[in-house]
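Visitor: My questions will all concern the structure given below.
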């Protein structure tokens, strides 16, 4: 009887150990899947946020030729400034990856010089078409700033999760790398394009 009791006690302990191991493995699998899905969700949100920035940049690109044409009618001898704006726009439109941030920064700088021209041309400042373009550009700049903030927030969340233990183990397995923030390079470029005259 004692032998039977020892055998059944040993069997119960073995089953209990097996159950604990199964529960631990199952918990590990659930954690891994949850972490993996979290990374995928954040990556998709970052891509969606970048697409929103792209839309706002496209709107800005589309406004620039109209603004340049309006200014050209009033400031014919300022062709150097106008050419720089058009060149910066074209460079920003064709830039990819890390080059895109630098190109966008250059475009913002040339837009500031374009709007500074209007101070020297009172008739331009009073032009209804120019004023409407100003308002449109201000609206696009505000939406772009909002899209940048959202993108940077998602990137911060993703980068933090990539850095933290134990989710960094899953990130390494997924070969995820930290993403760059959409930042402007200088203090001057950090200010919105001023379109109020």
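Visitor: Hey, in the GNM for the chain with a 10 angstrom Cα cutoff, which one of 13, 23, 71 fluctuates hardest?
Guide: 13
Visitor: Then there is this: Can you tell me the orientation of helix 128-163 relative to the chain, as the angle in degrees between its alpha-carbon axis and the longest Cα principal axis, to the nearest 10?
Guide: 20
Visitor: Counting pairs of alpha carbon atoms under 8 Å apart in space and at least six apart in sequence, what relative contact order in percent does the chain give?
Guide: It rounds to 29 percent for the chain.
Visitor: Can you compute the modelled spin-label distance between residue 29 and residue 135, with each label point 7 Å from Cα toward Cβ, in nm?
Guide: My value for the distance between the label points is 6.1 nm.
Visitor: I need the calculated FRET efficiency for the pair residue 36 and residue 86, taking r as the beta carbon distance and R₀ as 41 Å, to the nearest 0.05.
Guide: 0.35
Visitor: Place a point 7 Å from Cα of residue 168 in the direction of its Cβ. Which residues in the stretch 16-56 have their backbone N less than 19 Å from it?
Guide: 32, 35-36, 38-40
Visitor: Calculate how steeply helix 2-74 sits against the longest principal axis of the alpha-carbon atoms of the chain, using the helix alpha-carbon long axis, and give the answer as 0 to 90 degrees to the nearest 10.
Guide: Long axis of 2-74 versus the principal axis of the chain: about 0 degrees.
Visitor: A follow-up question, please. For the chain, set up a GNM with springs between Cα atoms under 10 Å and report which of 51, 92, 19 has the largest fluctuation.
Guide: 19
Visitor: Would you mind checking the tilt of helix 79-94 against the longest principal axis of the Cα atoms of the chain, expressed as 0 to 90 degrees and rounded to 10?
Guide: 20
Visitor: Let me ask you something else. Could you give the length gained on full extension between residue 20 and residue 121, defined as 0.36 nm per residue of separation minus the Cα-Cα distance, in nm?
Guide: 28.3 nm
Visitor: Could you order the peptides 126-133, 82-89 from most to least packed, using the average number of other C-beta atoms within 10 Å per residue?
Guide: So the peptides 126-133, 82-89, ranked by packing, come out 82-89, 126-133.
Visitor: OK, next. How do 31, 50 rank when sorted from fewest to most other Cβ atoms within 10 Å of their own Cβ?
Guide: The order, fewest Cβ neighbours first, is 31, 50.
Visitor: On to the next question. Here are a few candidate values for Cα Rg over 2.2 N^0.38 Å: (1) 1.75; (2) 1.05; (3) 1.47. Which one was actually calculated from the structure I just gave you?
Guide: Read-out taken from this structure: (1).
Visitor: With springs only between Cα atoms under 10 Å, which of 30, 64, 17 fluctuates most in a Gaussian network model of the chain?
Guide: Judging by the Gaussian network model, the answer is 17.
Visitor: I've got another one for you. Can you put 146, 79, 108 in order of Cβ neighbours within 10 angstrom, beginning with the fewest?
Guide: Arranged by neighbour count, lowest to highest, 146, 79, 108 become 79, 146, 108.
Read-outs throughout are calculated quantities, based only on the coordinates presented, and are distinct from any laboratory measurement. What you see is a predicted model, and the numbers here were worked out from it, not measured in a lab. Every residue, glycine as well, gets a Cβ built from its backbone with ideal geometry; the counts of neighbours run over all protein chains shown.
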